[in-house]
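The next block holds one structure in the form of C-alpha cells; read it before the comments.
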Amino acid sequence: ILGEHLRICPQGYTCCTSEMEENFANKSRSEFEAMMKEAGRSVQATLTAQHRSFDSYFQDLLNKSEKALHDAFPSMYGELYTQNVKVFKDLYNELRRYYRSSNINLEEALNEFWTRLLERLFKLLNPQYHITDEYLDCMVKHAEQHKPFGEVPRDLKVKATRAFIAARSYAQGFLVGSDVAKKVSQVSLSHECTRAIMKLMYCPHCRGMSSVKPCNNYCLNVVKGCLANQADLNTEWKYLMDSLIGVADRIDGPYNVDTVIGTIHMRISEAISNLQENKDSITSKVFQGCGNPKISTKGSSSEDKKRRGKVTLEAKSSAQALEMLVLDAKGNLTALKTYWITLPSSLCSKKVMASSASDDKCWNGMTKGSYLPEVMGDGLANQINNPEVEVDITKPDMTIRQQIMQLKIMTNRLGNANIGNDVDFQDTSDDMSGSGSGDSCPDDVCGKRLSKSPSTRQPETHAIPKQSGHGINGASSRSLPSASLLLLLSVAVITVQHLWR
C-alpha cells in the first residue's frame, strides 16, 4: 500500500499500517534499552566481581590476624592478655569499621588503642601501687617521650594507615564504577532517538526487506547520536580505571596489605614484649615525671602476668594470592577503559548485526544501497551535524552529568590514597550529586603536614552515591548543593586533577 500515513519510515510503498509502525517503534525502543542495560550489567558484573574478590581477601587477612592474636596471646602473656581482651577486640572492630567507610579517624583509633593498652598494662605490671586515673593521665602525657612500646606504634600507624586508606579507596572505587555504569545504562531514550532506532531496525521490514542488514556506518551514526551523553563519560571513566590500576600497584607494592595487615598481631606482640623487657626503666621514668604513687594495700599479685611460655607468632603470607588478584584486576580495568566510546561499535556489530562498512547492499535508512554520510565523532559536541538523529547539544543529560561528577570525586580520592592521604566519605541519597575536591599535595608537603599533627588531622569529607548492601554507612546526609556551588566545586576538582597529571 502507499505509505503516506507513515510518520517515521520512508513514505514509499509499504506493508506497514500506522498501528504496525507504532508497535515497531515501541518494540525497537524497548529492545535498544534492553541492549544498553545488558551491556551495562556486563560492566557491573566485572567491577562487582573485582570488589568481591578483593573484599573477601582483605577481610580474611584481617580475620586471620585477629585469630592468631587470640590463639597465641593467652599462652604468651597470661593476665596481660586475658584481662584486656576487649581492648584488642575493639581495635580490630575499629579497623573493620574504617575499611567499610565509617566516619572514623584511623590515626586517632590507633592512638586510642595504644593509650588504653598502656594504661591497662602499666597497672597490671605494677600491682603493688595504687595508680589513679589522674596518675594514668600524667603517664600518658609522657608516653611519647618514654616510648614504652618502642617504635612499634609510630611505625604501625604510618604503614597501617597507608595500607587501609589504599584498600578502602580501592574497594570503594569498584563499587562507584559499577554504580555509575548501572545508572548510565538506565537512561531513557529521547523521542528523536526512538524514531532513529525504529528507522534503523524495523523500517526495512515495512519495505519488505526484513533480511537486509543496516549499513554499519549508518548504525554507528544512529547509536552515537543516541548515546552521545554516555560517550562524554569516557575521559573521567578512563581516569577512574587508571587510578584504580595505580592504587592496585600500591596495594601490591609500597603499601603491601599482605605484609602490613597480616602482621598486625605480631607488631602488637613486639610492642608488649618491649614494655615487659623495659618495665623497670620505663616505670622509673614515669615515677620521675609523675611522682611515686601510693603503695597498694592489696599487695602484689602472682607472676602470672609475665610471659608464661615461648610461643612463636607467624604470619601466613598470601602474597601470591594478592599478586593474582591485582593482575586480574588490572587486566579487567585496562579492558574497560574505552568502554563508553566503543559501545556504539559493539552494539552495532553484536546486537543490531549491521553489515560491513563497504557493503553497498545494506539498509541505508531509505532503501537498499550504500551509506554515504561520514561517521560522527564521539560525545555530545560532535553530534551537531548528525544526519540521523536530531541532538540538542545545548542540553546535556543531567543524570549522566551527575555520574561524571561521581567519577571525578572517586578518582580524586584514589589520587589522594596513592600518596597516603585520607579523604573521608559521607553517604548521599541516590538522586543526589556528589561535590567537592580532595586536598592533593606532593609527597614532601603531605609528609611535613602529617608529621606535625598525625593524631589530630581530620579526614576531608566528600559525598558519594549510596551503596546499598555493602555496609557503607556515613555519619550524616547532605542536602543537594546549589547549582553555583556545584559548578564551583566541579572546577576545583578539575583543577586539582590537572595538577596531579
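The values are calculated or read from the model by the stated rules, or taken from the named source; none is laboratory data. These numbers were taken from a predicted model, which means no experiment stands behind them. Neighbour counts run over all protein chains shown; Cβ positions are idealised from the backbone, glycine included. The protein model used for the area step is the full one, side chains on, heavy atoms only, and it has no ligands, DNA or RNA in it. Shrake-Rupley method; radii C 1.70, N 1.55, O 1.52, S 1.80 Å.
Ligands, DNA and RNA left out, the accessible area of region 1-97 computed with a 1.4 Å probe is 49% carbon and sulfur. Average accessible surface for region 206-262: 29 Å² per residue, computed with a 1.4 Å probe over protein heavy atoms with every protein chain in place. Across Asp232, Asp422, the residue with the most accessible area heads the list, and the full order at a 1.4 Å probe is Asp232, Asp422. Which links in Lys159/Lys279; Lys330/Lys395; Lys86/Lys182; Lys64/Lys285; Lys147/Lys408; Lys330/Lys361 stretch past 32 Å when you go from one Cα to the other? Pairs exceeding the cut-off: Lys330/Lys395; Lys86/Lys182; Lys64/Lys285; Lys147/Lys408; Lys330/Lys361. Note on region 63-139: with charges restricted to the Cβ of Lys and Arg (+1) and Asp and Glu (-1), its dipole about the Cα centre is near 460 debye. The residue among Ala25, Tyr57, Leu136 whose Cα reaches farthest toward the positive pole of the charge dipole of region 1-146, with charges on the beta-carbon of Lys, Arg, Asp and Glu, is Tyr57. Once you order the gyration tensor axes a ≥ b ≥ c over the Cα atoms, which shape class does region 1-158 get: rounded for a/c under 1.5, otherwise prolate or oblate by comparing a/b with b/c? The shape class here is prolate. Taking each residue as 0.36 nm, the span from Thr394 to Ala49 lengthens on full extension beyond its C-alpha to C-alpha distance by 120.5 nm.
In plain terms, the chain from Thr115 to Thr338 could stretch by 75.3 nm, reckoned as 0.36 nm per residue minus the Cα-Cα distance.
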